[in-house]
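Trainee: Structure below; questions to follow.
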Amino acid sequence: MEARYAALRRATEEVAAVDAHAHNLVELGSAFPFLRCFSEAEGDALALAPHSLSFKRSLRDIAALYNCEASLEKVEEFRTAEGLKSISSKCFQAANISAILIDDGITFDKMLDLESHRAFAPVIGRVLRIERLAETIINDESFSGSSWTLDSFTESYVAKLKNILNLLLTVSTQIVALKSIAAYRSGLQINPNVSKTDAEDGLRKELTGPRPFRITNKNLIDYLFTCSLEIAVSVNLPVQIHTGFGDKDLDLRKCNPLHLRAVLEDERFSKCQIVLLHASYPFSKEASYLASVYSQVYLDFGLVIPKLSVHGMTSSLKELLELAPIKKVMFSTDGYAFPETYYLGAKRARDVVYHVLAAACEEGDLSIQEAIEAVEDIFRRNALHLYKLNVTNGSINHETTIAGGSVSSSSVEEDVLFVRIIWSDASGQNRCRVVPAGRFYEVTRNKGVGLTFAVMGMTSFCDGPADGTNLTGVGEIRLVPDMPTLLRLPWSSREEMVMADMQIRPGEAWEYCPRNALRKVTKVLLDEFNVTMKAGFENEFFLRRKLVSDGVEQWVPYDNTNYCSTSAFDGASSILQEVYSSLKTSDIVVEQLHAESGKGQFEIALKYILCTLAADKLIYARETIKSIARKHGLLATFLPKPDLNDIGSGSHVHLSLWENDQNVFMGSSKDNFYGMSKTGAQFLAGVYHHLSSILAFTAPHPNSYDRIQPNTWSGAYLCWGKENREAPLRTACPPGVPLDLVSNFEIKSFDACANPHLGLAAIVAAGIDGLRRGLKLPEPVESNPADYASKLKRLPQNLQESVESLSGDKVLHELIGDKLVTAAIAIRKAEIDHYAKNPGAFNDLICRY
């Protein structure tokens, strides 16, 4: 059967779904328990959730996605270690969701705002909960409860609702639907003709209770419901209605959608599009019947999938399709609080829809082509049509007319023309493919773009693969956008950029992918030692200005000042202000910036964060600095040694180890080796032991070794020392840390020719070896290492020496991946040969780095 329905299976797996009903995510530190990811239960009942069928299945699904042990403890450890952005990236990429419609009327502890969800889908729509709006008004402290009458309350409610809807043209997250949770308050037996007298009496009864008021009176609920439907009809907005099961706050007997018959029969609401949520379970057959006989009724099966057993999910969807037109059935995840709920809802929905439609084909209800069309309808087209979404342009289209004032709107355009898909190759050069925004959001964000194998074999002097990389122009990977890294270019407002993963097939990382190499070793560090690494980079760069003399163009130093010069900073202040503001807009935190020792040289130090994120943000920071300099008619270069007669530029990185939000690199009164913990000292010992090999990744260009010289604060000898800036490995005691302790260590021998993901991967791999073998550090060097030149070993004095060291380093080959290391070595050898034969070629590199 699987072979026969391969096209159907492919359609269900690849369709970019519209999630038509969901809720806000929360921060990892929220008090809302992660166990609620799996159940609607609370209190003592929640404690038994792990014994349900859906829990056991869902936990395995999440563990498989995270590649960790299928236990609640291990999944929670992984979540904490990775952070919200990382796990959200995994969940939403796997879920393949192109739009999310969010009901933000339910509040969670540490809940993200709607705008934050744009990192996960190009279109975010708001679903406005009417009961929450009414309670916001009635609880307004500027009004005393006794001052409300039904007329004044209704006037305020309608005015507020219309005002919100009138903002459709001016807010970035537009309202796509209204929603009622009357089922939770008084049930679905709505009286659309409730009298004002009864509603007035209901309001008075509500106002006699304690603040904050929670509206539960049936007459008042029915009155609000009816008013809201009238407005929804006038502005052509659908109304979502909770039906069927939920938490124990509702009376399930009152949640049968058949109770809505009086509303559905009312002529005023015959054109009001009503969406019955949650498949109305356990009343799915009743919901199917209503959708078949009332033109205004639509069905949404979120929550049923994935909260039921496989049999329950399949049965409920089959019951919906027994009578209801396929054009009225819609997917949603009902995701909430945790990105895993979105993933589980999408994953299981695809599987269940496939099996239900395949069975329909087997039974003769559908042809295979009709089933494939049904997939598009259920997951995408029905919601696009009903909620008036334009996913291609990343917008929501509305044409509404509100009583008392006409509002015409085509859409709120994001006005993005291009999206740059960025990767950094093995020679440390940032490259990009540019896709028009329409195609990106419709196709590329989920499927990626094709890219030749050769890209990871290219050198700094040639856009062709180096000999020995085993990479050629034969074969193709997919460059897949990592959507949480998407951001608008601060210097070019009609463009966006996004980091990309390299995949050999959907969901499977290519073994040459630098970002995956770093993720892979950090996972080993976490799995074996329950430790993560944070990194903070210092960006040193030169500013050059163009000088044309006798028709010859040259790039000369921006100024001729010294270290921390006030005049240097003043001269470049307008540029640096724009750089800082742009980095801040991009959520890149700058801790310090100052003039450096070189002519026209500056430094911008970034805050330490999880190393996988730090590598991404370093690439973005360099792109920002170079682009804003170019905007001002200057050139910013990060090349290690652009002028052999001047000082060099590094990309020093500060590193620390963390476990459960505690810095475990730092020592304590009971665990102190020169200020480090035992874990910290062993990790650093691994880096010390492998440092000559690591340089092939962190100082990967022949030009790098022109910088790494004695007496230049670049770390020329193999040693380490506390606050020793001449040592390649410096343990640091920044302000606020006790003087007998250190909080991090700095690697001086790291420059901007390095791919940051590969450089950090090499460091982590070395640290893992130190921890596995319990390696020990020698005594620290507490003065200039050059004074001990006869006793200390020089670090590699050229790239050839570091390549030779890496070639024999089995640990780095094993942990990073033999194929990727082999390719890197081949690239280094090609560059050694090229620049030895063409020393003048160094001059071209200021534009490449």
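The values are calculated or read from the model by the stated rules, or taken from the named source; none is laboratory data. Fair warning: this is a prediction, and the values are worked out from it, not measured in the lab. Note: ideal-geometry Cβ built from the backbone for every residue, glycine included; neighbour counts use all protein chains shown. Please note that ligands, DNA and RNA were not included when accessible areas were found on the heavy atoms of the full protein model with its side chains. Shrake-Rupley method; radii C 1.70, N 1.55, O 1.52, S 1.80 Å.
Trainee: Taking the stretch 17-37, which residues are open to solvent by less than 10 Å² (accessible area, probe 1.4 Å) and among the hydrophobic types (A, V, I, L, M, F, W, C)? Talk me through it step by step, then tell me what you get.
Mentor: Of all residues in the stretch 17-37, those open to solvent by less than 10 Å² (accessible area, probe 1.4 Å) come to 17-22, 24-26, 37.
Residues satisfying the conditions are A17, V18, A20, A22, L25, V26, C37.
So that you can scan it fast, the table gives a plain yes or no per residue for (1) acidic (D, E); (2) touching a strand residue (DSSP E or B) at 6+ places or on another chain (Cβ under 7 Å):
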site: E578; (1), (2): yes, no
site: S586; (1), (2): no, yes
site: A595; (1), (2): no, yes
site: A605; (1), (2): no, yes
site: D616; (1), (2): yes, yes
site: A621; (1), (2): no, yes
site: I625; (1), (2): no, yes
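Trainee: Now, a different point. Quick one: how many residues across the stretch 589-612 are touching a Phe, Trp or Tyr at 6+ places or on another chain (Cβ under 8 Å), more than 18 Å from P734 (Cβ to Cβ) and part of a strand (DSSP E or B)?
Mentor: Of the residues in the stretch 589-612, 3 are touching a Phe, Trp or Tyr at 6+ places or on another chain (Cβ under 8 Å), more than 18 Å from P734 (Cβ to Cβ) and part of a strand (DSSP E or B).
Trainee: Is it true that D787 is surrounded by fewer than 24 Cβ atoms within 10 Å (Cβ to Cβ), of a type outside the set (F, W, Y) and within 38 Å of the chain's Cα centre (by Cα)?
Mentor: Numbers: surrounded by fewer than 24 Cβ atoms within 10 Å (Cβ to Cβ): yes; of a type outside the set (F, W, Y): yes; within 38 Å of the chain's Cα centre (by Cα): no.
Considered against the rule, which asks whether it is surrounded by fewer than 24 Cβ atoms within 10 Å (Cβ to Cβ), of a type outside the set (F, W, Y) and within 38 Å of the chain's Cα centre (by Cα), D787 comes out as no.
Trainee: Just to check your reading of the model, which residue among L792, L771, L799 is at pLDDT below 95, farther than 24 Å from K617 by Cβ and surrounded by 15 or more Cβ atoms within 10 Å (Cβ to Cβ)? Walk me through it before giving the result.
Mentor: Details: L771 fails: at pLDDT below 95; L799 fails: at pLDDT below 95.
One residue alone meets the criteria, L792.
Trainee: Name the residue that is surrounded by the fewest Cβ atoms within 10 Å (Cβ to Cβ), counting only residues in the stretch 498-511 that are among the hydrophobic types (A, V, I, L, M, F, W, C) and over 18 Å from the mean Cα position of the chain (by Cα). Don't jump to the end; show me each part of the working.
Mentor: Taking the stretch 498-511 as the starting set, the residues that turn out to be among the hydrophobic types (A, V, I, L, M, F, W, C) are 498-500, 502, 504, 509-510.
This time we only want the ones that are over 18 Å from the mean Cα position of the chain (by Cα), so: 504, 510.
On the way: I504: 16, W510: 20.
That would be I504.
Trainee: Also, quick follow-up: Looking at the stretch 802-837, which of its residues are open to solvent by less than 10 Å² (accessible area, probe 1.4 Å) and without any contact (Cβ under 8 Å) to a residue 40 or more places away in the chain?
Mentor: V821
Trainee: Answer yes or no as to whether F461 is among the aromatic types (F, W, Y) and touching a helix residue (DSSP H, G or I) at 6+ places or on another chain (Cβ under 8 Å). It would help to see each step written out before you state the result.
Mentor: On the way: among the aromatic types (F, W, Y): yes; touching a helix residue (DSSP H, G or I) at 6+ places or on another chain (Cβ under 8 Å): yes.
Taking the combined requirement at face value, the residue satisfies it.
Trainee: Okay, moving on. Residues in the stretch 573-607 that are open to solvent by 60 Å² or more (accessible area, probe 1.4 Å) and touching a Lys or Arg at 6+ places or on another chain (Cβ under 7 Å): how many?
Mentor: 2
Trainee: So which residues in the stretch 652-703 are aliphatic (A, V, I, L, M), open to solvent by 10 Å² or more (accessible area, probe 1.4 Å) and in contact with a Phe, Trp or Tyr (Cβ under 8 Å, 6 or more places away or on another chain)? Write out each step before concluding.
Mentor: If we filter the stretch 652-703 for residues that are aliphatic (A, V, I, L, M), which is where we start, we get 653, 655, 657, 664, 666, 676, 681, 684-685, 687, 691, 694-696, 699.
Checking which are open to solvent by 10 Å² or more (accessible area, probe 1.4 Å) leaves us with 664, 666, 681.
Within the stretch 652-703, V664, A681 meet the criteria.
Trainee: In addition: Suppose the filter is closer than 22 Å to R544 by Cβ, aliphatic (A, V, I, L, M) and at pLDDT 95 or above; does A621 pass it? Working first, answer last.
Mentor: Details: closer than 22 Å to R544 by Cβ: yes; aliphatic (A, V, I, L, M): yes; at pLDDT 95 or above: yes.
Criteria met by A621.
Trainee: Would you check if A629 is in a helix (DSSP H, G or I) and either closer than 21 Å to P728 by Cα or of a type in the set (V, I, T) (or both)?
Mentor: Numbers: in a helix (DSSP H, G or I): yes; either closer than 21 Å to P728 by Cα or of a type in the set (V, I, T) (or both): no.
For A629, the condition - in a helix (DSSP H, G or I) and either closer than 21 Å to P728 by Cα or of a type in the set (V, I, T) (or both) - is not met.
Trainee: Quick one: which residue in F92, F120, F78 is aromatic (F, W, Y), touching a strand residue (DSSP E or B) at 6+ places or on another chain (Cβ under 8 Å), assigned by the TED database to the domain that holds F331 and crowded, with 19+ Cβ neighbours inside 10 Å?
Mentor: The match here is F120.
Trainee: Tell me, which residue of the stretch 123-148 that is out of contact with any strand residue (DSSP E or B) (no Cβ under 8 Å at 6 or more places or on another chain) and modelled with pLDDT of 85 or more is nearest to T208 (Cα to Cα)? Quick ask: steps written out before the conclusion?
Mentor: To start, the set of residues in the stretch 123-148 that are out of contact with any strand residue (DSSP E or B) (no Cβ under 8 Å at 6 or more places or on another chain) comprises 132-148.
Those still in the list that are modelled with pLDDT of 85 or more too: 132-137.
On the way: R132: 19, L133: 20, A134: 16, E135: 14, T136: 17, I137: 16 Å.
For the stretch 123-148, the residue satisfying everything is E135.
Trainee: If you don't mind, there's one more thing I want to ask. Any chance you could count how many residues in the stretch 704-727 are under 37 Å from the mean Cα position of the chain (by Cα), open to solvent by less than 20 Å² (accessible area, probe 1.4 Å) and over 27 Å from N843 (Cα atoms)? Let's see the steps before the verdict.
Mentor: Filtering the stretch 704-727 for residues under 37 Å from the mean Cα position of the chain (by Cα) gives 704-705, 707-708, 713-715, 720, 722-723, 725, 727.
Imposing the further condition that a residue be open to solvent by less than 20 Å² (accessible area, probe 1.4 Å) reduces the set to 704-705, 707-708, 714-715, 720, 727.
Next, from what is left, pick out any that are over 27 Å from N843 (Cα atoms): 720, 727.
Qualifying residue count, the stretch 704-727: 2.
Trainee: Search the stretch 430-468 for residues being part of a helix (DSSP H, G or I) and over 20 Å from the mean Cα position of the chain (by Cα), and hand back the single one that is surrounded by the fewest Cβ atoms within 10 Å (Cβ to Cβ). Please lay out each step first, then the result.
Mentor: Filtering the stretch 430-468 for residues part of a helix (DSSP H, G or I) gives 437-447, 453-457.
Next cut, over 20 Å from the mean Cα position of the chain (by Cα) only: 438-439, 453-457.
On the way: G438: 17, R439: 13, F453: 20, A454: 18, V455: 20, M456: 27, G457: 27.
So the residue we want is R439.
Trainee: If you check K327, K307, K318, which single one turns out to be open to solvent by 10 Å² or more (accessible area, probe 1.4 Å) and closer than 24 Å to Y66 by Cα? Let's see the steps before the verdict.
Mentor: On the way: K327 fails: closer than 24 Å to Y66 by Cα; K318 fails: closer than 24 Å to Y66 by Cα.
Just a single option satisfies the conditions, and that option is K307.
Trainee: Now, a different point. Given the conditions (1) open to solvent by less than 20 Å² (accessible area, probe 1.4 Å); (2) at positive phi, which single one is not true for P514?
Mentor: Result: P514 fails condition (2) only.
Trainee: Ok, one more. Out of the stretch 362-382, which residues are open to solvent by 40 Å² or more (accessible area, probe 1.4 Å) and at negative phi?
Mentor: To start, the set of residues in the stretch 362-382 that are open to solvent by 40 Å² or more (accessible area, probe 1.4 Å) comprises 362-365, 367-370, 373, 376, 381.
Within the stretch 362-382, E362, E363, D365, S367, I368, Q369, E370, E373, E376, R381 meet the criteria.
Trainee: Just need a number here: residues in the stretch 638-668 that are small (G, A, S) and more than 15 Å from I708 (Cβ to Cβ).
Mentor: Restricting attention to the stretch 638-668, the residues satisfying the condition of being small (G, A, S) are 648-651, 656, 667-668.
Retained after the next criterion (residues that are more than 15 Å from I708 (Cβ to Cβ)): 656, 667-668.
So the count comes out to 3.
Trainee: Among the residues of the stretch 292-329, what is the count of those that are among the aromatic types (F, W, Y) and in contact with a Lys or Arg (Cβ under 8 Å, 6 or more places away or on another chain)?
Mentor: 1
Trainee: Now a separate question. In the stretch 723-775, which residues are touching a residue at least 40 places away in the same chain (Cβ under 8 Å), hydrophobic (A, V, I, L, M, F, W, C) and part of a loop (DSSP other than H, G, I, E, B)?
Mentor: Of everything in the stretch 723-775, those that are touching a residue at least 40 places away in the same chain (Cβ under 8 Å), hydrophobic (A, V, I, L, M, F, W, C) and part of a loop (DSSP other than H, G, I, E, B) turn out to be A727, C733, V737, L741, V742, F750, A752, C753, A754, L775.
Trainee: Of all residues in the stretch 608-651, how many are closer than 21 Å to T712 by Cα and open to solvent by less than 10 Å² (accessible area, probe 1.4 Å)? Break it down stepwise before answering.
Mentor: As a first pass, look at the stretch 608-651 and keep what is closer than 21 Å to T712 by Cα: 637-651.
Retained after the next criterion (residues that are open to solvent by less than 10 Å² (accessible area, probe 1.4 Å)): 637-640, 649-651.
Of the residues in that region, 7 qualify.
Trainee: While we're on this one: Condition check: open to solvent by less than 10 Å² (accessible area, probe 1.4 Å) and either outside any strand (DSSP E or B) or not charged (D, E, K, R) (or both). Does T472 satisfy that? Write out each step before concluding.
Mentor: Details: open to solvent by less than 10 Å² (accessible area, probe 1.4 Å): no; either outside any strand (DSSP E or B) or not charged (D, E, K, R) (or both): yes.
Judged against the criteria, T472 is not a match.
Trainee: Please state which one of S156, S228, S186 is farther than 27 Å from S270 by Cβ and either among the charged types (D, E, K, R) or open to solvent by less than 50 Å² (accessible area, probe 1.4 Å) (or both). If you could, list the steps in order and put the result at the bottom.
Mentor: Details: S228 fails: farther than 27 Å from S270 by Cβ; S186 fails: farther than 27 Å from S270 by Cβ.
After ruling out the rest, the residue left standing is S156.
Trainee: Please return the ranges of helices (runs of 4 or more DSSP H) entirely within the stretch 322-387 where 2 or more residues are touching a residue at least 24 places away in the same chain (Cβ under 8 Å) and among the basic types (K, R).
Mentor: On the way: elements: 339-362, 368-376, 382-386.
The helices (runs of 4 or more DSSP H) meeting that bar are 339-362.
Trainee: If we scan the stretch 196-203, do we find a residue that is assigned by the TED database to the domain that holds A20, free of Cβ contacts under 8 Å to residues at least 12 places away in the same chain and open to solvent by 30 Å² or more (accessible area, probe 1.4 Å)?
Mentor: Looking only at the stretch 196-203, we keep the residues that are assigned by the TED database to the domain that holds A20, and these are 196-203.
Retained after the next criterion (residues that are free of Cβ contacts under 8 Å to residues at least 12 places away in the same chain): 197.
So of that shortlist, the ones also open to solvent by 30 Å² or more (accessible area, probe 1.4 Å) come out as 197.
Yes, because at least one residue in the stretch 196-203 is assigned by the TED database to the domain that holds A20, free of Cβ contacts under 8 Å to residues at least 12 places away in the same chain and open to solvent by 30 Å² or more (accessible area, probe 1.4 Å).
Trainee: Here's another thing I want to ask about it. Considering only residues that are part of a loop (DSSP other than H, G, I, E, B) and open to solvent by 30 Å² or more (accessible area, probe 1.4 Å), which ones fall in the stretch 476-489?
Mentor: If the condition is that a residue be part of a loop (DSSP other than H, G, I, E, B) and open to solvent by 30 Å² or more (accessible area, probe 1.4 Å), then L486 is the only one that fits.
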